[in-house]
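Peer 1: Structure in structure tokens, see below.
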């Protein structure tokens with residue numbers, strides 16, 4: 001089920017519906033972004049990096065409910081949008097966050113292998129600057145997925 005959810009999220013990001021989010025970010029990765037995105041590329045003695053945010057998602061919790069008819073899975077997915085450390089404003093991160101919510105929030109996605117998504121809720125958001133001075137916007141979404149037994 002988690003692999004199917006990952007596929008759904010990546011497919012949605014790369015779809016027509018995700019076009020604006022793709023223009024506001026360098027990409028969407030599961031668990032971690034490539035080091036070339038995080039650190040930038042070496043040009044002479046200085047490190048150059050894009051000013052566009054990048055997005056990482058991971059399943060941070062899973063739940064399972066069972067009844068006589070179906071199994072219900074409740075993965076909690078954390079999206080973290082990392083913004084430019086040199087940018088004094090977090091507006092680019094917030095813009096990407098708003099677009100991420102419009103692409104993924106409150107949407108019921110078609111899934112493979114007999115799974116049906118029955119609910120999707122945004123359960124939390126927080127913004128801060130980390131120890132590397134990257135802006136971080138964390139958005140947590142709870143997906144409710146069931147499969148008939």
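Peer 1: Of all residues in the stretch 112-122 being farther than 22 Å from residue 95 by Cβ and in contact with a helix residue (DSSP H, G or I) (Cβ under 7 Å, 6 or more places away or on another chain), which is surrounded by the fewest Cβ atoms within 10 Å (Cβ to Cβ)?
Peer 2: It comes out as 113.
Peer 1: In the stretch 111-122, how many are more than 18 Å from residue 64 (Cβ to Cβ) and at pLDDT 90 or above?
Peer 2: Restricting attention to the stretch 111-122, the residues satisfying the condition of being more than 18 Å from residue 64 (Cβ to Cβ) are 112, 122.
Next, from what is left, pick out any that are at pLDDT 90 or above: 122.
Of the residues in that region, 1 qualify.
Peer 1: Related question: Mind checking which residues of the stretch 106-122 are in contact with a strand residue (DSSP E or B) (Cβ under 7 Å, 6 or more places away or on another chain) and in a strand (DSSP E or B)?
Peer 2: Residues of the stretch 106-122 that are in contact with a strand residue (DSSP E or B) (Cβ under 7 Å, 6 or more places away or on another chain), as a first pass: 106-109, 111, 114-122.
Selection gives 115, 116, 117, 118, 119, 120, 121, 122.
Peer 1: Another question about this same structure. Quick check, is residue 103 closer than 17 Å to residue 27 by Cα, in contact with a strand residue (DSSP E or B) (Cβ under 7 Å, 6 or more places away or on another chain) and at pLDDT 90 or above?
Peer 2: Numbers: closer than 17 Å to residue 27 by Cα: yes; in contact with a strand residue (DSSP E or B) (Cβ under 7 Å, 6 or more places away or on another chain): no; at pLDDT 90 or above: yes.
When the stated conditions are applied, residue 103 does not pass them.
Peer 1: Kindly check whether there is at least one residue in the stretch 123-131 that is assigned to a strand (DSSP E or B), in contact with a helix residue (DSSP H, G or I) (Cβ under 9 Å, 6 or more places away or on another chain), modelled with pLDDT under 90 and more than 17 Å from residue 63 (Cα to Cα).
Peer 2: So far as the stretch 123-131 goes, no, none of its residues is assigned to a strand (DSSP E or B), in contact with a helix residue (DSSP H, G or I) (Cβ under 9 Å, 6 or more places away or on another chain), modelled with pLDDT under 90 and more than 17 Å from residue 63 (Cα to Cα).
Peer 1: Also: Pairs needed: first member in the stretch 1-21, at positive phi and modelled with pLDDT of 90 or more; second member anywhere, surrounded by 14 or more Cβ atoms within 10 Å (Cβ to Cβ) and in a helix (DSSP H, G or I); C-beta distance under 7 Å; at least 6 residues apart or different chains.
Peer 2: none
Peer 1: When you scan the stretch 15-29, how many residues do you find that are within 21 Å of residue 143 (Cα to Cα) and exposed (fewer than 13 other Cβ atoms within 10 Å of the Cβ)?
Peer 2: 1
The values are calculated or read from the model by the stated rules, or taken from the named source; none is laboratory data. All of these numbers come straight from a predicted model, not from anything done at the bench. When we count neighbours, we look across all protein chains shown, and the Cβ atoms used for this are built from the backbone with ideal geometry, even at glycine.
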